[in-house]
Each structure stands twice: as structure tokens, then as C-alpha cells.
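This report refers to the structure that appears directly beneath it.
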Number of protein chains: 6
Amino acid sequence: MQKIAIFPGSFDPLTRGHENIVKRAVPLFDRIIIAVGQNSEKKSYFSIEKRIFFLETIFADYPSVEIDKYTGLTVEYCKKVGANYILRGLRTSADFEFERSIAQVNKKLYPEIETVFLLTLPEYTAINSSVVRDILRHGGDPSLFIPEGLSLG
Amino acid sequence: MQKIAIFPGSFDPLTRGHENIVKRAVPLFDRIIIAVGQNSEKKSYFSIEKRIFFLETIFADYPSVEIDKYTGLTVEYCKKVGANYILRGLRTSADFEFERSIAQVNKKLYPEIETVFLLTLPEYTAINSSVVRDILRHGGDPSLFIPEGLSLG
Amino acid sequence: MQKIAIFPGSFDPLTRGHENIVKRAVPLFDRIIIAVGQNSEKKSYFSIEKRIFFLETIFADYPSVEIDKYTGLTVEYCKKVGANYILRGLRTSADFEFERSIAQVNKKLYPEIETVFLLTLPEYTAINSSVVRDILRHGGDPSLFIPEGLSLG
Amino acid sequence: MQKIAIFPGSFDPLTRGHENIVKRAVPLFDRIIIAVGQNSEKKSYFSIEKRIFFLETIFADYPSVEIDKYTGLTVEYCKKVGANYILRGLRTSADFEFERSIAQVNKKLYPEIETVFLLTLPEYTAINSSVVRDILRHGGDPSLFIPEGLSLG
Amino acid sequence: MQKIAIFPGSFDPLTRGHENIVKRAVPLFDRIIIAVGQNSEKKSYFSIEKRIFFLETIFADYPSVEIDKYTGLTVEYCKKVGANYILRGLRTSADFEFERSIAQVNKKLYPEIETVFLLTLPEYTAINSSVVRDILRHGGDPSLFIPEGLSLG
Amino acid sequence: MQKIAIFPGSFDPLTRGHENIVKRAVPLFDRIIIAVGQNSEKKSYFSIEKRIFFLETIFADYPSVEIDKYTGLTVEYCKKVGANYILRGLRTSADFEFERSIAQVNKKLYPEIETVFLLTLPEYTAINSSVVRDILRHGGDPSLFIPEGLSLG
């Protein structure tokens with residue numbers, strides 16, 4: 001059976017942490033689908049098109065990595081695309097508690113799904129999309145936190 | 001002196017976790033008042049009437065369990081109804097930090113009150129009302145997370 | 001049914017934290033048995049006789065509080081004395097993770113048992129028996145950490 | 001080189017915890033600037049003028065403590081006023097995870113800055129500005145949580 | 001490239017938690033080597049031969065699962081057997097902090113290695129080998145905590 | 001008043017994490033005394049002489065940093081040398097819980113003492129002396145974890 005993982009998130013925007021997790025997971029799975037969640041209730045900083053464009057730019061040379069968007073429950077999307085794994089990065093123990101709850105709920109809703117965790121590298125631990133947005137809002141330069149060479153302009 | 005506990009929350013909606021904590025606490029207290037907090041600033045998913053109805057349905061056979069609603073500070077409500085205990089369930093260490101702060105503030109405001117904690121059973125650890133609402137919003141089926149036989153329709 | 005709780009520990013020696021938890025739990029239970037665990041593998045600082053003597057001294061005026069010693073599994077002792085509750089204090093989130101594991105194991109081994117947690121008051125959070133022993137070993141004065149008026153001499 | 005620390009926050013309003021951290025840090029720094037962040041997106045409970053007035057009242061007798069306000073990134077403000085330290089209080093392990101992320105981001109953006117942490121005293125651990133606002137909103141009396149003698153009226 | 005994972009531990013003895021993690025990881029890797037660490041400094045409860053025998057019994061029907069023993073640094077063993085993954089189960093946030101440190105040290109010592117984490121199912125969260133040994137030492141019955149049908153006699 | 005800090009530990013051996021914390025703290029204090037605790041009950045890997053020699057080598061060019069050894073309670077040593085600060089590094093939230101307890105006990109025993117925390121840099125978070133000893137015991141190379149240029153031979 002093909003090993004298909006989804007890497008769900010809002011990627012508003014993509015960070016170096018996200019980039020690193022996916023690239024390290026490439027050898028583990030046959031296909032990785034980066035699934036950009038569309039949440040109608042929460043206004044995003046970047047449009048869904050831009051968020052997808054950033055991801056496509058960074059993973060252009062990775063044939064097993066695809067970019068998609070979805071709405072609704074993550075496990076429903078997994079069923080639809082035939083994914084048997086959810087890939088997640090773990091940064092801190094606060095992260096862990098949160099991710100554990102989500103993974104346990106997902107497994108209750110869809111027992112065939114397995115969530116696989118990789119550790120965020122120490123140098124990316126403090127980075128998340130909300131930090132990047134905060135720096136942007138205040139007119140700062142977030143280039144140390146987003147993938148090298150990516151332009152958010 | 002009668003042992004009267006309140007079990008405060010928004011119960012939007014009641015989960016299997018809530019149900020289990022209250023039923024296990026029944027032998028410990030003479031009366032348990034499930035106190036549904038009305039927060040004028042936060043819009044609830046279910047109306048206060050529905051939330052109370054769900055609770056009344058599930059605890060109909062428990063004569064020492066009552067359902068009530070309240071506004072204002074929890075300790076003021078305790079004084080009003082003569083409760084000397086606040087009952088809470090603990091799920092995770094993130095929970096613990098949060099509950100500890102609230103309990104310490106309540107004890108400062110009303111030193112006679114004692115917060116009593118029971119552990120959420122492992123199988124209910126990942127469940128909370130916000131998970132149930134999320135599943136409902138996305139058209140999923142939350143029946144594994146709410147009390148058996150309860151219809152939210 | 002009588003509400004009987006055991007408060008298990010090694011009490012080597014009793015601290016202000018222990019004293020405070022038991023005194024606050026007195027109104028909640030019909031009887032509280034402070035059960036001093038005898039661990040043949042771990043050498044204690046104070047003899048079992050002294051540890052019991054300290055406890056008897058401090059709780060002399062509390063008719064519902066008894067002192068006992070036990071060996072073996074805590075749940076077996078609970079069955080023997082007819083206890084339906086285990087009383088524990090919670091200090092920190094590290095504590096919580098540890099206590100949760102023990103409580104879950106106990107509930108698996110003996111489903112009728114319920115572990116009830118009270119919060120250690122903030123001023124006693126840093127105190128434990130090992131701190132007291134450490135101070136004693138280095139010739140310091142632990143009187144701020146043990147019950148007022150207790151002499152360890 | 002002068003040791004200049006900023007103590008950033010929204011101070012909406014000042015609590016006993018804030019007061020205690022700054023007073024204990026006074027001997028460590030040549031100057032401490034309490035920097036009230038103005039967040040255009042989040043409505044505050046007290047106006048920026050009131051929040052500054054409370055701080056000026058409490059620290060009137062501390063010549064090395066100044067009050068200022070700022071917008072934008074905290075590290076940019078540090079550069080502007082020549083601060084080489086950020087002072088923070090730590091209360092709980094949840095706090096710690098959060099503060100560590102912010103401090104790591106700040107150090108990435110401005111490697112010369114050092115964040116210095118003091119521990120919140122146990123008796124102030126449960127206090128934060130949001131607790132005070134909550135009590136005020138419900139018509140309670142927050143005087144145990146704000147600096148002695150301070151009137152919020 | 002073949003995906004080879006080692007699952008290191010002392011397995012003194014194997015628990016239901018260990019069993020469950022390995023069985024869930026089988027589809028993810030081409031080979032899983034359960035590597036029983038021999039620690040000359042720590043006396044084990046069961047002999048290395050017994051610990052291996054328990055593992056061989058439980059995984060007899062899993063052709064991609066092998067049992068081996070090793071001494072020395074885990075990463076050296078990975079190099080020797082050509083493993084590119086270390087498989088670990090995560091139970092609690094205390095676990096997480098501990099596992100993160102080990103995984104980060106391993107990645108420093110051998111950058112090609114990737115640690116992959118699965119979540120322990122909620123019902124096995126409280127179980128570890130030391131709990132089983134404790135029950136055995138006190139003459140209790142650990143059968144709920146070890147793989148079904150396994151006899152430790 | 002002179003700002004004198006002690007940095008207590010067993011330094012068995014010194015790590016890059018220790019080195020980094022002290023060097024970053026140099027501008028904050030007039031003097032820093034690295035105080036090597038001698039624990040008669042715990043056998044160290046390196047002799048007290050070697051541990052001191054490593055520290056003296058690494059801090060030879062730092063005139064405000066001294067190396068000393070001590071036995072007994074840390075706060076008694078502080079009184080003896082006139083230190084008003086204890087310097088500590090914080091790595092993880094598990095660390096934090098532990099350090100907070102020690103700092104609170106120290107403040108109870110000696111209210112004039114203030115514990116000042118700096119954050120361990122992310123790249124040193126997983127490093128501690130026990131990791132270094134473990135690598136040495138297994139014949140590995142710990143040079144990435146100890147100060148650059150230090151020879152433990």
C-alpha cells in the first residue's frame with residue numbers, strides 16, 4: 001500500500017519550520033500532500049492563493065510533494081485523498097498537549113489514520129506563522145523565519 | 001454540614017467527559033449543582049435553554065444532581081447557593097496550570113471554598129466541547145464524544 | 001456508605017504541605033487514614049516509628065484522622081481497610097503527570113477506587129520531604145517547612 | 001556600559017505581580033523602563049493614560065524606574081532607548097514555554113538583547129491582568145490582586 | 001532506500017504500550033529492529049534472554065519485526081545495522097521533554113538519523129515497565145498491562 | 001552595592017550550555033563565582049580538581065569570573081561569600097518546574113537572595129553533563145557538547 005501523508009495547516013505564511021519538517025519527511029512517505037485549510041471564520045493574513053503559491057515555490061523540486069487546499073474535517077479530507085498518515089512537527093510541550101488532543105480525536109473519528117510526528121529542529125522551535133505575521137504587521141523583516149529565498153511581497 | 005459542590009462550565013454542549021466526572025462525584029457530595037455560566041460577551045453555539053435541557057436529560061435519574069445557570073463571579077454564585085466545593089475534572093497538564101490559577105484566585109476571593117479535582121478517564125482526555133462544536137460545524141458526527149443516547153438535534 | 005480516604009506517602013518527614021492537605025480534606029471524608037508506606041528497598045531518613053509519631057502528634061486533635069502503615073500495593077491496602085478514596089495533593093504540572101499515571105494504574109487495578117486531588121496552597125508548593133531532608137543533612141534549619149511546633153529531634 | 005532594562009507589557013491594569021518583579025529587579029539594573037505596549041488591534045480595558053498613571057503612582061519613589069509607551073516590535077523599541085535587557089517574570093511552566101519563544105525570536109531579531117527572568121513569588125502566581133479585569137467586569141473587588149493602596153476608580 | 005527503524009528500550013518487561021506502538025508502525029517501515037539495550041550498570045528485573053524471549057513471542061507473526069540486543073550508544077548501533085530511523089512512542093508531556101533531548105543529542109551525533117514519534121493510545125498512557133515491575137514485586141497481577149496472552153512466569 | 005552572583009552546579013563536566021550562560025551573564029554582574037558543589041553522597045565522574053581545572057581553563061580570560069568549591073546548603077555559601085544573586089540557565093519546562101522549587105526554597109531560607117534566569121540558547125537545550133558522561137562511558141566523542149578547545153583527557 002502506498003504511504004500517503006497529509007501535512008495540514010493554514011501556512012499563513014509558510015515558515016522555515018514547516019519547510020524543514022516536510023523536507024525531512026520526504027524519504028518516509030511515497031507522497032506528501034500539504035493541505036492548506038480554509039477556515040471561513042478566521043480571516044487570514046495572506047490569501048489562500050498566495051499561501052499556496054509560497055508552498056509551490058518552495059517545494060517545486062520535490063516531485064512527491066503536492067499542494068492542495070481543503071475545508072471541513074481533516075479526517076474527511078484524508079479519506080477523500082486516500083491518505084493514511086497525518087504528518088506533524090512537534091516544537092514544545094505545549095505543542096505536544098495540543099497535538100495529542102487533535103490526534104486522539106482524529107483517531108476516534110477515523111481509526112485507520114496514524115499521526116506521525118517529527119521534532120522541529122531546535123533552531124526553528126520559536127518560529128511560527130503568527131510570529132511572522134506579527135513582524136510583518138510592525139514593519140519588521142521576517143526573512144530569518146521564512147524559507148531562504150522566499151519573497152512574501 | 002451538607003457537602004454541596006458546584007460544577008461550573010459553559011457546557012456548550014455537554015460531553016462524555018463532563019458526564020463521567022459528575023457521575024463519579026455523586027457519592028462524594030450531598031448535592032452537586034451543575035452551574036451553566038452565561039457569558040454575555042461570548043456567543044454560544046447552543047442556547048442556554050438547550051444546554052440546560054441536555055444536562056437535565058442526562059442527569060434525570062440522579063436526585064442529588066441539579067442544573068442551574070448563573071452570571072457573574074463563580075465564587076459569588078457559590079456563596080449564594082451555599083456551596084463549599086467546586087468540582088473540576090483534570091485532563092492534561094495544560095489543563096492543570098489553567099485550573100490551578102482559577103482555583104487559587106477563587107480561594108483568595110473566598111477562602112472557605114475548596115476546589116476538588118477528579119481525573120478525566122484516559123478515553124475522554126481529548127474530548128472537550130470545542131471539539132464537539134468543530135465537528136458539528138463541519139457536518140461531522142460527534143456522537144462518540146457526547147453522552148450515549150443524547151440527541152443534539 | 002461511609003466515605004473513607006487514605007492519604008498514602010512515605011512522610012519522611014511530614015511537611016507543612018502534607019499537614020495542610022489533610023486538614024483541608026477533613027470535612028470532605030468521614031475518615032482519613034494517613035498510610036505510611038514501608039518500602040524495604042529504599043532506606044528512609046527517619047524510622048517508621050518516628051514518622052508515625054510526627055503524624056500522630058500533629059493530628060492528635062483530629063478524631064477522624066488515623067495513622068497507619070502498610071506494605072505492598074496501595075490498592076490492596078485500600079481494599080483491606082475498606083477505603084473508597086485516595087487523597088492526593090497537587091503542586092506542579094510535573095506532579096500532575098506523575099500523579100495521573102499512578103491514579104490511572106490504580107483505577108485499572110481496582111476500578112472502585114477514586115483519587116481525589118486538592119491543590120497545594122501556593123506558599124507550600126516548593127516544599128517536599130526531600131527538601132527537608134536535604135536541609136537537615138547540611139545542618140540547616142527546616143522549621144519553615146515542617147508543621148509549626150513539630151520537633152524532629 | 002549602563003545596564004538598561006525594559007519591562008514590556010500591556011499593564012491593563014498593573015498587578016501585584018508586576019509591581020513585585022520590578023521592585024525586586026531595581027538593584028540589578030541602572031535603569032528600568034516600564035514600556036506599555038499600545039496594540040491598535042486589541043481594545044484595552046483601561047486607557048493608555050490610566051495604565052501609565054497607575055504605574056507612575058506606584059513607582060513614584062523609584063528614581064531608576066521610568067514609564068513609557070511604545071508601538072511596534074519590542075526589539076525596535078529596545079534599540080531606540082538603548083536597552084540591552086528585557087526583564088520578565090515567570091509564573092508557571094505554561095508561561096515559560098510562551099516566554100521562551102518570544103525571547104528566542106527577540107534574540108534572533110536583535111542578538112545584543114538579553115532577556116532576564118525573575119520568578120514570580122508563589123503568592124502572586126495566579127494573578128494576572130485578565131483576572132483583575134474579569135473581577136471588575138463582574139462587579140467584584142480586585143484589591144487583593146493590585147498594588148496595595150492603588151485605586152483603579 | 002530501505003526504511004529501517006530501530007525501536008530501542010530496555011523492555012524490562014515488554015508492555016502493551018510497546019506492543020501497540022510497534023504493531024502500528026509496521027506499515028510505515030520496511031524493517032523494524034526492536035533493540036534491547038544492555039546496561040551493565042543497572043540491574044534488570046528480567047534477564048536479557050527473557051526480555052528477548054517475550055518480544056520474540058509477541059512479534060512471531062510479524063516478519064518485518066526483528067529482535068536484537070545492543071550495548072553502547074544508540075546511534076552507533078543504528079550505523080552498524082544501517083537504520084535511518086529511531087521509532088519512539090510519546091505518552092505525556094514529561095515524556096516529550098525527555099524524548100526531545102535524546103532525539104536532539106542523537107541528531108547531533110549522527111545527523112542522518114531521524115526520530116519518528118507515534119502517540120501512545122490513551123488507554124496505555126499510564127503503563128510503563130516500571131509499573132509492571134512494581135506490581136510484580138508486590139505480588140500483584142500485571143496482566144492488564146502486558147500483551148494479551150503473554151506469560152511472564 | 002556590588003552585584004555578586006554565584007553559578008552553582010556540579011559541572012561534571014562543564015558543557016557548552018554552562019559556558020554560554022556564564023559568558024552572557026558577565027556584563028550583568030560585577031563578579032560571578034562558579035561554585036562547584038561537592039556532594040559526598042554522589043560519586044562524580046571527574047574529580048573535583050579536574051572539574052575546577054576545566055572551568056579555570058575556559059574562563060581564564062574573564063577577570064570577573066572566579067571558580068570555587070563548596071559543600072553544604074547553597075544559601076549558606078551565598079552568605080559566606082556575600083553573594084546576592086544565584087544565576088541559573090533555563091532549558092525546558094521540566095527544568096523550569098525543578099528550578100522554581102529550588103529558587104523558592106532558597107528564598108524562604110534566605111530572603112535577600114534573588115535567583116536570576118537566562119535562557120539556554122536553542123542549540124544547547126539538549127545538552128547536559130549527564131549526556132556528556134554517557135557518551136564518554138560508551139566510548140563516543142562528546143566534543144560537540146563541551147566548550148570548543150577543551151580537552152577532557
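Peptide A:126-137 is shielded by partner chain Cβ atoms: per residue, an average of 3 of them sit within 10 Å of its Cβ. What is the Cα centroid distance between region E:125-142 and region C:106-141, reported in whole angstrom? The distance from the Cα centre of region E:125-142 to that of region C:106-141 comes to 22 Å. The HN-Hα couplings worked out from phi for region E:46-57 by the Karplus form 6.51 cos²θ - 1.76 cosθ + 1.60 (θ = phi - 60°) are 9, 5, 4, 5, 5, 4, 5, 4, 4, 5, 5, 4 Hz, whole numbers, x standing for Gly and Pro. Scalar couplings 3J(HN,Hα) for region D:67-77, obtained by applying the Karplus form with A = 6.51, B = -1.76, C = 1.60 to θ = phi - 60°, are 10, 8, 10, 8, 10, x, 5, 4, 5, 5, 5 Hz; x denotes Gly and Pro.
Rounded is the label for the protein assembly as shown, because a/c, from the alpha-carbon gyration tensor with a ≥ b ≥ c as root eigenvalues, stays below 1.5. Amide H contacts of D:LYS69 (H built 1.01 Å from N, in plane; Pro and chain starts excluded): D:VAL36 sit under 5 Å, all sequence-distant by 5 or more or on other chains. Take each residue of peptide D:112-125, count the partner chain Cβ atoms within 10 Å of its Cβ, and average: the result is 5. Neighbouring Cβ atoms from other chains, within 10 Å of the Cβ of residues in E:50-61, number 0 on average.
Only helical runs count toward this figure. For chain A, summing -39,500 (n - 2.57) over DSSP H runs of n ≥ 4 and dividing by all residues gives -11000 deg cm²/dmol at 222 nm. In a DSSP loop and with at most 10 other Cβ atoms within 10 Å, the trypsin sites (Lys or Arg not before Pro) in region C:1-92 are C:LYS42, C:LYS43. Does region B:4-137 come out rounded, prolate or oblate by the C-alpha gyration tensor, with a ≥ b ≥ c the root eigenvalues, rounded set by a/c under 1.5 and, if not, prolate when a/b is larger than b/c and oblate if not? Since a/c stays below 1.5, the shape of region B:4-137 is classed as rounded. When all protein chains stay in place and ligands, DNA and RNA are ignored, the 1.4 Å accessible-area order of A:THR115, A:THR57, largest first, is A:THR57, A:THR115. Listed values for region F:31-39 are Karplus-derived 3J(HN,Hα) couplings in whole Hz (6.51 cos²θ - 1.76 cosθ + 1.60, θ = phi - 60°), namely 9, 10, 9, 7, 10, 7, x, 9, 10, and x replaces Gly and Pro.
Database remark: amide H of E:LEU90 closer than 5 angstrom to the amide H of E:LEU118, E:LEU119, E:THR120 (H placed geometrically; neighbours at sequence offset of 5 or more, or on other chains; Pro and chain starts carry no H).
Taking the centroid of alpha carbons for each part, region C:23-53 and region B:8-38 are 32 Å apart.
Legend: residue pairs D:LYS3/E:LYS108; D:LYS23/F:LYS107; E:LYS50/F:LYS43; C:LYS79/E:LYS42; D:LYS43/D:LYS69; A:LYS107/E:LYS69, Cα-Cα distance threshold 27 Å; pairs beyond threshold, D:LYS3/E:LYS108; E:LYS50/F:LYS43; C:LYS79/E:LYS42; A:LYS107/E:LYS69.
In this structure, E:LYS108 and C:ASP141 have a Cβ-Cβ separation that, at R0 = 41 Å, corresponds to a calculated FRET efficiency of about 0.40. Stretched out straight at 0.36 nm per residue, the stretch from D:SER40 to D:THR57 would grow longer than its current Cα-Cα span by 3.6 nm.
Counted without the sites themselves, the longest stretch of chain E free of GluC sites (Glu not before Pro) in a DSSP loop having at most 11 other beta carbon atoms within 10 Å is E:42-111.
For F:ASN84, nonlocal amide neighbours, meaning residues 5 or more places apart or on other chains whose placed amide H falls under 5 Å from its own, are F:ILE4.
The values are calculated or read from the model by the stated rules, or taken from the named source; none is laboratory data. Quick caveat: nothing in here was measured; it's all calculated off a predicted structure. FYI the Cβ positions are ideal-geometry reconstructions off the backbone, even for glycines, and counts take in every protein chain you see. Surface areas here come from the heavy atoms of the whole protein model, side chains and all, with no ligands, DNA or RNA. Shrake-Rupley method; radii C 1.70, N 1.55, O 1.52, S 1.80 Å.
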